[in-house]
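Following: one structure in structure tokens, then a few remarks.
None of the figures in this text is laboratory data; all of them are computed from the coordinates on show. What you see is a predicted model, and the numbers here were worked out from it, not measured in a lab. Glycine also receives a Cβ, built like all others from the backbone with ideal geometry; neighbour counts cover every protein chain displayed.
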Amino acid sequence: MPRPFLTNSDGHRPVCLRCQQASRNCQWSNRSPREQHSRSPTTPDQSLTTRPRSAVYVSTKDPEKALQDPHIAAIFRYYIEHLAGWYDLNDVKRHFGDIVPSCARRNSLLLSAILAFAAASQSSSFLKKDLWDLAESYHLESVQTLLQLTENPDEFRTGETLAAICLLRSYEIISQNVSCQNHLQGSYSLLASRPAGLETGLLSAGFWNYLREDITVALIEKRSLMMELSQEHLPPTVEGEDDLANKITYLLGKVINRCLGQDASPLEQHEWHSLKDELDTWRASLPASFEPIWTPGLYGQSNFPCLWTVSGWHASSLQYYHTALAILSIAEPMQTGINTLQQIQRINDIEKRLDHHAVQVSALAIFSNSAPVWVNSFGPISFCGPWLRDSQRVHELIEETRKWGSKTGWPVASIVESLSRSETRG
């Protein structure tokens with residue numbers, strides 16, 4: 001694929017490792033590889049990206065030296081101030097907001113991954129082509145480093161590497177499309193040889209982020225996860241609210257893998273009840289702090305009930321719970337010996353349950369007023385939203401989804417298209 005024309009501060013272009021290994025010239029072009037869509041900046045941080053900037057690539061081989069460049073430092077700070085929260089949604093210890101930036105000052109892979117993701121996010125939100133070119137260059141540098149690290153698995157399998165993979169996965173989602181996972185699945189597989197649920201610190205935080213990203217794409221594409229899950233991935237103990245958030249993440253992933261696989265067999269009654277019981281047990285274990293607050297008219301008129309929570313992980317956890325129940329509603333084994341009228345009633349009951357779960361998922365996103373919650377909502381909304389029965393709610397959700405995409409730089413066209421089809425049917 002042709003690469004955009006960029007130069008290092010020393011005048012040299014970054015060289016693609018794949019082209020080096022294949023003994024061929026690395027093709028570069030002056031064109032951006034993605035089509036930009038006209039969109040007005042809608043976030044209050046436009047000042048960070050509207051200053052004149054030069055798309056000059058500065059190598060991150062010496063992270064401290066790279067951060068002396070004011071343009072690079074501004075992109076780095078944008079990640080810290082506006083994007084790290086996406087990853088710390090369910091993390092009370094804020095690994096991606098506090099630990100990752102500190103590690104990036106001495107880890108060139110982590111710094112280049114941050115710069116690739118942050119520049120792509122700014123470019124998508126603010127239509128800054130020079131930032132897009134810079135993001136492409138740092139992504140290429142990151143992939144080169146990852147390929148080199150795979151030659152030494154002991155050095156490769158670290159929390160910092162997994163954190164970089166999570167950031168690069170977000171880059172590929174934002175810059176291309178939600179199904180693009182070009183270089184990262186194989187890299188993750190090397191890291192997954194030991195269950196991350198038994199780990200602590202950055203490796204564990206990276207695992208839960210990788211799983212949530214996998215869930216988002218799987219729900220949008222209506223397929224199973226790219227990764228396998230085992231009981232060992234569960235939090236060994238539930239000590240805090242973040243552990244409860246991680247547990248429902250695992251349970252949703254388990255439901256997705258069992259029900260949405262291309263060749264998955266129909267659920268047996270005992271399987272369905274086992275999965276449903278796990279979800280019910282999780283819901284019953286929640287402290288009162290997880291319960292949504294209902295405040296009619298809090299943000300003006302809406303077709304959805306005004307449900308909000310005091311923490312982002314409360315909203316995301318309840319969304320995952322309702323999404324898992326929606327999948328099980330569709331996957332519930334049909335009883336034998338029911339007649340046509342009973343079957344009609346069964347279908348109506350399923351549609352009512354699906355509408356209920358869709359309303360809950362949508363309301364928790366709309367009234368969260370939180371970019372991390374919005375980003376994490378795209379998967380649940382893509383799967384549950386089309387089951388909304390009220391066309392006015394569908395229209396409102398479409399407008400909200402477009403707004404969230406504009407503010408976060410996330411590609412929402414496929415989600416909007418799916419919701420629009422359901423609006424037409426309504």
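Could you grab the relative contact order for segment 234-425? Cα pairs under 8 Å, six or more apart, rounded to a whole percent. Please list the in-between numbers first.
Details: 221 pairs, mean separation 38.3, N = 192.
In percent, rounded to a whole number, it is 20.
With 19 Å as the limit, write out which pairs from K247/K276; K128/K407; K247/K352 have Cα-Cα distances beyond it, or answer none. All intermediate terms of the calculation are to be shown ahead of the outcome.
Working: K247/K276 14 Å; K128/K407 14 Å; K247/K352 27 Å.
Beyond 19 Å between Cα atoms: K247/K352.
Remind me, relative contact order of segment 386-426 in percent, using alpha carbon pairs under 8 angstrom and six or more residues apart?
Details: 29 pairs, mean separation 23.7, N = 41.
Relative CO of segment 386-426 lands at 58 percent.
Would you mind computing, in nm to one decimal, how far apart the modelled labels at E271 and D349 are, each placed 7 Å from Cα along Cα→Cβ?
The two pseudo-label positions are separated by 2.2 nm.
Name all residues of segment 297-338 having a backbone nitrogen under 16 Å from the label point set 7 Å from the Cα of L286 along its Cα→Cβ direction, giving them as ranges.
So the set is 305-327.
Residue by residue through segment 133-147, which ³J(HN,Hα) values in whole Hz follow from phi under the Karplus form 6.51 cos²θ - 1.76 cosθ + 1.60 (θ = phi - 60°), with glycine and proline marked x?
Those phi angles translate into 4, 5, 4, 4, 5, 6, 5, 4, 4, 5, 5, 4, 5, 4, 4 Hz.
Can you give the local net charge around E228? Use residues other than it whose beta-carbon is closer than 13 angstrom to its beta-carbon, Lys and Arg +1, Asp and Glu -1.
0
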